[in-house]
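Asker: This structure is in C-alpha cells; I'll ask about it shortly.
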Amino acid sequence: MDDGKRVIEAGTERSIKSLGDWLAKVDAIGEVKRISAEVDSDLEAATITYLSGKTVGGPTLLFENVKGHKGYRQLFNPFGTSMNRAAITIREEIGKDPIEYVRILSRKMKERIAPKTVDAKSAPVNQNIETGDQVDVTKFPAPKMWPLDGGKYIGTADAVITQDPTDNRVNLGTYRQMILGPKQVGFYASPGKDALLDRERWWAMGKPAPVAAVYGLDPLLFLCAATSFPKDISEYEFAGGINGAPVEVFKSEVTGLLLPANAEIIIEGFSYPDKTASEGPFGEFTGYYGRPGGATPYIDINCIRYRNKPILTSALMADFPSNECGTMWAMAKAARIWADLDALGVPGIKGVWSPPEAAGWGMTVVSIEQRYAGHAAQVAALAAQCMGGAYFTKYIVVVDDDVDPSNLPDVVWAMVTRSRPAQSIEIMRETWSTYLDPSQNPPEIRPWGSKCIINACKEFKYLKVFSPRSLLKKETYETVCARWSELGFEGSPPKITNFETFAGRHIS
Ligand SMILES: Cc1cc2nc3c(=O)[nH]c(=O)nc-3n(C[C@H](O)[C@H](O)[C@H](O)COP(=O)(O)O)c2cc1C
Ligand SMILES: [Mn+2]
C-alpha cells in the first residue's frame, strides 16, 4: 500500500518543487556525489559517468567545476540504477520492491491535477532572462558524450514543451538536442512522437511552431516527459497527479507556452519547416550510435532563462547499467502499461516490468494470475500494443504470478520451463519503432519494427496437471530464518514468497 508510513519525513515529499529540493532529499540518503575537481565537458564527464554507472545503485554525479563553464554546474544521470532515487521522485518512501513501486506509480498515474499558473516575476527560472543578441546557449556546460557524436548535446535529461494548436494541449517530451550554434539547437523527435505531431500542425497552418526546452527539472517532470502518456492529455497533469499537488508554471510572453517556474534553465523560440540542419550521430539508449546526420528541424532561440548558478541535467545513453534510460523507464513504462491494462478492464495483472537490461524499452514482462482460456495471450497482445508499451519494445513476455517480473533470472527460468517455442511465440509485424534501432537494415526500412510475444505461463489447459514446482515448506523456511545467524550466515536470509501448499498437487 502507498498510504503506509513514510521514511522520508511525513508531508515533506510533496514539497519537492525543483531539482534543488530533489537533490537535498537524495543527498540525505547519500546518493549525490559532488565532483569539485575540474572536468572537461568534452568526453570526460560522460566517461566518468559511464564508469561510475557500472556500479548498480551508484550515485548521481554533480560536476561543480566544468572546464570553461565557471558559474554553471552539471548533473549527470539523476536516476541511474537507483530505485531509491526513483522512489523519491515519485514521492514515496525508499526500500520497497520494484513491482510495488510500479503498482503505486500506475495508481498515481490515474490521478490528474492541472498545473497552477504563477506570476512570471516570482518564477525562480526568471532570475536571469536574455533575449536577442544576448542569447548564447554555448555558455551552458553541454557535454559531448561519445567520440563519434556529432556535437555537444545540451538536451538529454530535458523536457521539450510544445502545444497542439487545435486543442491547446501542452506536451512535455524528452528529446535529444544537439547545439548547432549560439542561437540554435536541434529538435529531433522520432515519427509518431507528440512534439513532432504538434509542430506539423502549426506548419500545416502556415505558422512557425513555438517550442521551449527545459533543462534542470524536478526529475518527476523528466520522468513524465520521457513516458508515453495518452497523446491528448498534458504531461503536466500527470506530473501534478503523481506529485499530489499542481506543477507551478508561468505563461511565457515569448511563445505563449506554459513553462515550469522552478526549472534551472529554459530556452525558447520557434521551429520552421524549411529551417533544418544536420543533426547527430549520437550514442543512443540502445548502446549504438543512432540516425547519423540527416536534415532535422531546429529551434531558433529567442530567449533563455536561468537561475543563478544553474544546473544543466544530462542523461548518458549507454549499455546497461550505465544507461540513464534504464531504471526510470523500467518503472515508468511498466506503470503506464499497467494503467493502460487496468483502463481496458483486463483482470489478474500482478506485476509489470520493463527490464533496464533491455535498453530500457526493449522488453516488457507482465505477470498474471491466469483466470480463463486465452487470458495470457490477451494480456500479451494488449501489453505489446497499448500506448504505454508500444514504442520500440521487441519482446513481450507473460509469466505466472509466482514469477517476479523484475527478476530477470526468474523470467528466463519461466521462459525455458513453461513456454513451448512451437506454440507459445507470436510475431507482430510493421509495428511502431524508431530510426534508432540498429537491427533494422538497410536503415531505409526504419522506423518500422516487429514484436515477439512469448507466453511463458504454464499452459492453461493443463494447469491442474502441470508439473509442480519444487517449493520450500513454509514452516521449515521460517525455522531456518530464525537460525540464520546461529548457522553462521551474515545479514538477512533471502525473502521467499512462494511456498508448498500441499493442495491438489499431481506429480507427472
Ligand atoms: C534521455 C532520453 C532521451 C530521449 N531522446 C529522444 C529523442 O531524441 N527522440 C525521440 O523521439 N524520443 C526520445 N526519447 C523518448 C521520448 O522521450 C519518449 O518516447 C516520450 O514518451 C516522448 O514524449 P511524447 O510521448 O509526448 O511524444 C528520449 C527519452 C529519454 C529518457
Ligand atoms: Mn505526450
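Every number in this text was worked out from the coordinates using simple rules, so none of it is lab data. All values reported here derive from a predicted model rather than from experimental measurement. Ideal geometry is used to build each Cβ from the backbone, glycine not excepted, and the neighbour counts take in all protein chains shown.
Asker: Considering the options VAL102, ILE454, GLY389, tell which one lies farthest towards the positive end of the dipole of the chain, charges being +1 on Lys and Arg and -1 on Asp and Glu at the Cβ, about the Cα centre.
Answerer: Of the candidates, ILE454 comes out farthest on the positive side.
Asker: Hey, quick one: spin label on LEU344, modelled 7 Å out along Cα-Cβ, who in region 390-410 has an amide N within reach, i.e. under 16 Å?
Answerer: Only 390-399 pass the distance filter.
Asker: How do ILE267, ILE301 line up, fewest other C-beta atoms within 10 Å first?
Answerer: Result, fewest neighbours first: ILE301, ILE267.
Asker: Taking the number of other C-beta atoms within 10 Å as the exposure measure, put VAL26, VAL403 in order starting with the fewest.
Answerer: VAL26, VAL403
Asker: Just how large is the dipole of the chain about the Cα centre, in debye to the nearest 20, putting +1 at every Lys and Arg Cβ and -1 at every Asp and Glu Cβ?
Answerer: 580
Asker: Based only on Cα atoms, what mean projected area does the convex hull of region 344-462 have, in nm²? Write out the running numbers ahead of the final one.
Answerer: Values: hull surface 29.6 nm².
Reported value for the Cα convex hull: 7.4 nm².
Asker: Sort out for me the Cα centre separation of region 304-364 from region 23-89, rounded to whole Å.
Answerer: A separation of 19 Å, based on Cα centres.
Asker: Once every DSSP H run of n ≥ 4 in the chain is given -39500 (n - 2.57) and the sum is divided by its residues, what mean residue ellipticity at 222 nm do you get, rounded to the nearest 500 deg cm²/dmol?
Answerer: It comes out at -6500 deg cm²/dmol, rounded to the nearest 500.
Asker: Separate question: Which trypsin sites (Lys or Arg not before Pro) in region 423-508 sit in a loop by DSSP (not H, G, I, E or B) and have at most 10 other Cβ atoms within 10 Å of their own Cβ?
Answerer: Of the trypsin sites (Lys or Arg not before Pro), the ones in loops of region 423-508 whose Cβ has at most 10 other Cβ atoms within 10 Å are LYS464, LYS495.
Asker: Return the long-range amide H neighbours of THR364 (sequence gap of 5 or more, or a different chain), with a cut-off of under 5 Å between placed amide H atoms.
Answerer: Here TYR395, ILE396, VAL397 satisfy the definition.
Asker: Can you sort CYS224, CYS386 so the residue with the fewest Cβ neighbours within 10 Å comes first?
Answerer: Fewest-to-most Cβ neighbours within 10 Å comes out as CYS386, CYS224.
Asker: Please report, in cubic angstrom per residue, the volume enclosed by the convex hull of the alpha-carbon atoms of the chain.
Answerer: Hull volume over Cα atoms, normalised by residue count, gives 160 Å³.
Asker: Right, another one. Using Cα-Cα distances under 8 Å and only pairs 6 or more residues apart, what relative contact order does the chain have, in percent?
Answerer: Across the chain, relative contact order equals 14 percent.
Asker: Further, regarding this structure: Are there any GluC sites (Glu not before Pro) in region 194-255 that are in a DSSP loop and have at most 13 other Cβ atoms within 10 Å? List them by number.
Answerer: Numbers: sites: GLU200, GLU235, GLU237, GLU248, GLU253; in loops: GLU253.
Filter output for region 194-255: GLU253.
Asker: Among LEU180, GLY240, ALA213, whose Cα sits farthest toward the positive end of the charge dipole of the chain (+1 at Cβ of Lys/Arg, -1 at Cβ of Asp/Glu, about the Cα centre)?
Answerer: Final value for the positive-end residue is GLY240.
Asker: Pop out the ³J(HN,Hα) list for region 273-286 in order, Karplus 6.51 cos²θ - 1.76 cosθ + 1.60 with θ = phi - 60°, rounded to Hz; leave Gly and Pro as x.
Answerer: x, 9, 10, 10, 8, 5, 9, x, x, 8, x, 9, 5, 6
Asker: Give me the compactness ratio for region 468-508, meaning the Cα radius of gyration over 2.2 N^0.38 Å.
Answerer: In units of the 2.2 N^0.38 Å rule of thumb, it is 1.43.
Asker: By how many degrees, 0 to 90 and rounded to 10, does the Cα axis of helix 408-418 deviate from the longest principal axis of the chain?
Answerer: 50
Asker: Hand me the chymotrypsin sites (Phe, Trp or Tyr not before Pro) from region 278-320 located in a DSSP loop with no more than 11 other Cβ atoms within 10 Å, in residue order please.
Answerer: Here no loop site has a sparse enough neighbourhood.
Asker: If you take every residue apart from LYS231 with its C-beta less than 15 Å away from the C-beta of LYS231, what net charge results, scoring Lys and Arg +1 and Asp and Glu -1?
Answerer: -3
Asker: What is the calculated FRET efficiency for GLU253 to ALA37, with r their C-beta to C-beta distance and R₀ = 51 Å, to the nearest 0.05?
Answerer: Efficiency at R0 = 51 Å is approximately 0.80.
Asker: Follow-up question, since we're still on this one. Enumerate the residues in region 374-408 having an amide nitrogen under 19 Å from the point lying 7 Å beyond the Cα of GLU500 toward its Cβ.
Answerer: Label zone hits: 402.
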